[in-house]
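What follows is a set of notes on a single structure, which appears directly below.
Taken together, the values in this text are just the output of simple stated rules run on the coordinates, not laboratory data. Since the structure is predicted, the reported quantities are computational estimates derived from the model, not experimental observations. Backbone-built Cβ (ideal geometry, glycine too); neighbour counts: all protein chains shown.
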Amino acid sequence: MDESGERLVLQFAGCEVTLVGANFGVIMELIAGNRLEWVRDLPAEYRAHKKSEEPFIERLEVRTLDANLSADTSPQQRISPPFNVEYSP
């Protein structure tokens, strides 16, 4: 998929998660209801095997925002205010 796909950016304590894909309406509803349990990206060739209205995440990127945090940072050290959501269709 090119950059014309939908883009969803979730900002958590110390990290930013960017999803690129299509049909993120369902994902947005789950986030709004605090019911999103997990997400996963799939290669583009899998897109042909899904229903057209289903969400599809082609690319998922996780970026650390705080240079003092790493993968080894404990959950207790990551506690912060709620996350932010940015969406662009």
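Here are the numbers for the structure shown:
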{"read-out": "Residues of region 1-44 with amide N under 16 Å of the 7 Å Cα→Cβ point at L65", "value": "8-19"}
{"read-out": "Most to least packed among 38-46, 18-26 [average Cβ atoms within 10 Å]", "value": "18-26, 38-46"}
